[in-house]
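Below is one structure, written out as structure tokens, with a few remarks after it.
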Amino acid sequence: MKKILLLLSFSIAIYGYGQQNSVEVTYKVDLVETEVSEVLKDIYKIAYDNVKFIDFKLLGYAKESLFYREKLLTNDAEKGADIALTILGAKGKFFTNLENGLVYEDLPAFGEKFIVKHPVITNGWKLTKDSKSIGKYLCYKATTTYVVNNSKGRFEFPVIAWYAPEINLPFGPKNYSGLPGLILELHEKDRIFYADKISLGQLDEKQRKLIAPPKGKKPITQAEFDAIGAKIAKERFGGR
Amino acid sequence: MKKSFLTLAMLCLFSVGFVSQVNALPVNCNAAQIAAYDGAMGAGLSESQAIDIADGVYKACAGIE
């Protein structure tokens, strides 16, 4: 009897670990309407109209994850989504490696491909005791700052993440990770990413193989990537 | 003579109007593109985002797919 109970407990523990070792999340996104200059109103309207058609996937396994957007069914839908993805800053795929503390963003830009590396935030999060329920999960609030440096200056935007400690996988949308739980909702500037569907412990071999670092180019920092953009902009639009 | 002169004058005016209309499109779209880039940068978007948006505005202006 004792042996049976021991075996049962062991099986439950293994099963539980398997459940927590991997996750597949479908995120949707809202783009909050904000005041933009007249010349941008039409292009932002395209983004507002099409953002609802975009789904993102997060596949997390052990110490690695991949965040990417799912392809849409029609070419017309893809065209509309493209500008939305630009505004969301989510055109690329984000591979997170918690062991080396880096996120690699596989990003198409300026007619070619770049791999931009970001640090896993970890120490940059401020954990709070604020909580709310998202679905069946109790989530806690953490904050950080999203910084953009461009030739107009430095911009800082607040980021709010609601993470669920019950899902002990420190992953989230884009390059946001390093919290003591899965991020189920993320507010970044005028964007809100929210988990629409969560599957624990269900990744198949094909999905696990997708979680791999991007290849083909030497990774560069955000600052180096921004410098390339600034040079191209200067050549095309003059010094501004 | 008068009739020929009038006809020639009308033709000249029409040509000037036509050429200026044809040339106006890229100039206006270029200006819109630069304004969009400036606007995107001022809104705190990155260089690559601003360039993509500017290109989107230009294509919409010029009727390019």
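The values are calculated or read from the model by the stated rules, or taken from the named source; none is laboratory data. This is a predicted model, so every value here is computed, not measured. Glycine gets a Cβ as well: all are built from the backbone with ideal geometry, and neighbour counts include every protein chain shown. Surface accessibility is based on the protein's heavy atoms, side chains included, excluding ligands, DNA and RNA. Shrake-Rupley method; radii C 1.70, N 1.55, O 1.52, S 1.80 Å.
Taking only the Cα atoms of the range A:109-240, the ratio Rg/Rh comes out at 1.03, with Rh defined as the Kirkwood radius. Centroid-to-centroid, using Cα positions, the range A:103-144 and the range A:186-201 are 10 Å apart.
Over 22 Å between C-alpha atoms is what I'm after, so list which of A:Lys52/A:Lys231; A:Lys52/A:Lys217; A:Lys189/B:Lys59; A:Lys174/A:Lys215 land there. Correct reply: A:Lys52/A:Lys231; A:Lys52/A:Lys217; A:Lys189/B:Lys59.
For the set A:Phe110, A:Phe67, solvent exposure ranked by accessible area (probe 1.4 Å, protein chains only) runs largest to smallest as A:Phe110, A:Phe67. In chain A, the longest principal axis of the Cα atoms and the axis of helix A:75-88 are about 90 degrees apart.
In the context of the full set of protein chains, residues of the range A:11-155 present 52 Å² of accessible surface per residue (probe radius 1.4 Å, heavy atoms only).
The largest accessible area among A:Tyr27, A:Tyr61, A:Tyr68 belongs to the first residue in A:Tyr61, A:Tyr68, A:Tyr27, and the rest follow in falling order (1.4 Å probe, all chains).
Here the Karplus curve 6.51 cos²θ - 1.76 cosθ + 1.60, taken at θ = phi - 60°, turns the phi angles of the range B:33-42 into couplings of 4, 5, 5, 5, 4, 4, x, 5, 5, x Hz, with x standing for Gly and Pro. Taking all protein chains as they are arranged and a probe of 1.4 Å, the heavy atoms of B:Ser4 leave approximately 70 Å² accessible to solvent.
For peptide B:33-40, the mean count of partner chain Cβ atoms within 10 Å of a residue's Cβ comes to 6. Residues whose amide H falls under 5 Å from that of A:Tyr27, counting only those 5 or more places apart or on a different chain, are A:Phe56, A:Lys57, A:Leu58, A:Asp196, with hydrogens built in the peptide plane.
Computed extension length for A:Ile232-A:Lys132: 31.5 nm, one decimal, from 0.36 nm per residue of separation with the Cα-Cα distance subtracted. Buried surface between chains B and A: roughly 2300 Å² of accessible area, summed over both sides, computed with a 1.4 Å probe on protein heavy atoms only. Counting heavy atoms of the protein chains alone, B:Thr7 has an accessible area of about 80 Å² for a 1.4 Å probe. Helical content alone sets the calculated 222 nm signal of the protein assembly as shown at -13500 deg cm²/dmol, taking -39,500 (n - 2.57) per DSSP H segment of four or more residues and averaging over every residue.
Amide H contacts under 5 Å for A:Ile167: A:Leu182, restricted to partners 5 or more places along the chain or on a different chain, H placed in the peptide plane at 1.01 Å from N. Accessible area of the protein assembly as shown with a 1.4 Å probe: how many percent of it is carbon plus sulfur? Roughly 59 percent of what the probe reaches on the protein assembly as shown is carbon or sulfur.
Using r as the Cβ-Cβ distance of A:Thr34 and A:Asn149, and R0 as 30 Å, what FRET efficiency do you calculate, to the nearest 0.05?
Efficiency at R0 = 30 Å is approximately 0.90.
Across all C-alpha atoms in chain A, the radius of gyration and Dmax reach 19.7, 81 Å.
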